[in-house]
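What follows is a single structure, written as structure tokens, with notes after it.
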Amino acid sequence: MPSAPGSPTRDEKLENLIVNHSLIFMGMFEEAFADIAEKMTEAMGKAAGAMAGALGAPESSVAEVDEKMRKVTPEMRTQMTHAFSGLREEMAEQWPKTPGAFKDYISGPGFDRGIAIVERYDFGRPKLTEKLTDEVLASYIFLVKSGDAKIAAMFKELSDWQASLPRPPWRG
């Protein structure tokens, strides 16, 4: 699977996918994101009902979540960065310390299925196979929490894919 100049290699795509998927999954249960969502709702004033819908009602859409993300205050951005910083530290602690261990782990062709899953979906934002900013990661968290059927389908496929993978040797 050759990549275009400047685009991530297969190994980089897989690393980004595994890291981003894990950060989004961990962020779903992170209290900080519930607090940020609540503050976003408060900040929206009259649009509080619409924001609540975008963060929890199944009929909300990618566009609604994107609109809410455009209105995130600098304070909320700082909180997101702080929350992701903690999650990234957790990920770094779990990441392999032996050079080449990750590359060896992802060498099997079964890993390519994860890339294919992500590439089939378009949510109007960078894909999970790219290095994502905290804001883009947060938008994915809020989109998943919104009940969007398309993203739920992708995350179900990714969860099934990850369950089919061998356990990373560095996790014991």
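Derivation of every value follows stated rules applied to the coordinates shown; laboratory data play no part. Computed from a predicted structure; not experimentally measured. Cβ placement follows ideal geometry from the backbone for every residue including glycine, while neighbour counts extend to all protein chains displayed.
Structure summary
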| quantity | calculated |
| --- | --- |
| Packing rank of 78-84, 119-125, 109-115, where each peptide gets the mean count of other beta carbons within 10 Å, highest leading | 78-84, 109-115, 119-125 |
| Cα-projected label distance for residue 77 with residue 107, points at 7 Å along beta-carbon direction, nm | 4.3 |
| Qualifying aspartates and glutamates (Cα of each under 20 Å from Cα of residue 68; at least 8 residues distant if same chain) | 30, 31, 35, 38, 42, 59, 122, 134, 135, 148 |
| Theoretical gain in end-to-end length, residue 10 to residue 167 [0.36 nm per residue, Cα-Cα removed] | 54.6 nm |
